[in-house]
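Read the structure below first, then the notes.
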Amino acid sequence: YSRPLTLILFDLDHFKRINDEYGHLAGDYVLKRLSDLIHKNNIRKEECFARYGGEEFAILLPDTTAERGVILAEKIRKMIDATTFEFEDNVIPVSISMGVASLKAHETPEALIQDADMKLYEAKQTGRNRVCA
C-alpha cells in the first residue's frame, strides 16, 4: 500500500548468563515479565508483538516510520533498563539490545528482517543495551 512499515527486533543481553546463574525458571520469569511490560504499555492493537525465537522478540509497526520506531524502541529499552526483575529473592539485571529497520520500496519481507537483524547485531557489537537503526 506504499505506507511505512517498521520492524523492531530485540533480545535480552546475556540471557544465557541469567539461566546459568539464576536457573531456567528465573529465565522464564524474565521472559514473561518483559513480555507483559512491553505488551501492556507500548503495543497498539494494529501492531504485532511476538516472540521470534529463544530470547528474541519482534514488533511489527504498520504505518510507522523508522524514526518513530526508534522512539518506541528507546522508550521500551529505557523501561526495561529501569525495571527491577526479582525472582526468589534475587534481583536479576536485565537489559535489551534493539535493531530497527523500515521496509524500503520493492524490498522483500525477508530483506526487512535481515536489515533489522543486522542492526540488532550492531547494537550487540557496540556495547549492548542500546538501539541501532
Given charges at Cβ of Lys, Arg, Asp, Glu: the chain dipole, positive-most of THR65, TYR52, ILE38
THR65
If I take every Cα pair under 8 Å that is 6 or more residues apart in the range 89-133, average their sequence separation and divide by the length, what percent do I get for the relative contact order?
48 percent
Percent of accessible area on the chain owned by carbon and sulfur, 1.4 Å probe?
51 percent
Residue-count net charge about GLU46 - beta-carbon cut-off 12 Å; Lys, Arg +1, Asp, Glu -1:
+1
Sum up the charges of everything whose Cβ sits under 15 Å from the Cβ of LYS75, counting Lys and Arg as +1 and Asp and Glu as -1, but leave LYS75 out.
+2
FRET efficiency (LYS78, GLU46; Cβ distance; R0 25 Å; to 0.05) is 0.60
For LYS16, net neighbour charge (Lys/Arg +1, Asp/Glu -1) across residues whose Cβ lies under 15 Å away:
-4
Each residue of the range 97-105 in order: what ³J(HN,Hα) in whole Hz does its phi give by Karplus 6.51 cos²θ - 1.76 cosθ + 1.60, θ = phi - 60°, with x for Gly and Pro?
10, 9, x, 10, 8, 10, 5, 8, 3
Antiparallel bridge percentage (DSSP; both residues within the chain; nearest 5)
90 percent
Which value, in debye to the nearest 20, describes the size of the charge dipole of the chain about its Cα centre when Lys and Arg Cβ atoms bear +1, Asp and Glu Cβ atoms bear -1, and nothing else is charged?
400 debye
Restricting attention to the range 1-107, which GluC sites (Glu not before Pro) occupy a DSSP loop and are surrounded by at most 10 other Cβ atoms within 10 Å?
GLU46, GLU88
Whole-number accessible area per residue in Å² for the chain, which is evaluated in the context of all protein chains at 1.4 Å
58 Å²
Of the options LEU7, HIS24, LEU120, report the single residue whose Cα projects farthest towards the positive end of the charge dipole of the chain (beta-carbon charges: Lys, Arg +1; Asp, Glu -1).
LEU7
Over the chain, what is the relative contact order in percent, taking alpha-carbon pairs closer than 8 angstrom and at least six residues apart?
33 percent
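The values are calculated or read from the model by the stated rules, or taken from the named source; none is laboratory data. Since we're looking at a predicted model, the values are computed, not measured. Backbone-built Cβ (ideal geometry, glycine too); neighbour counts: all protein chains shown. Quick note on the areas: whole protein, heavy atoms, side chains included, nothing else; ligands and nucleic acids left out. Shrake-Rupley method; radii C 1.70, N 1.55, O 1.52, S 1.80 Å.
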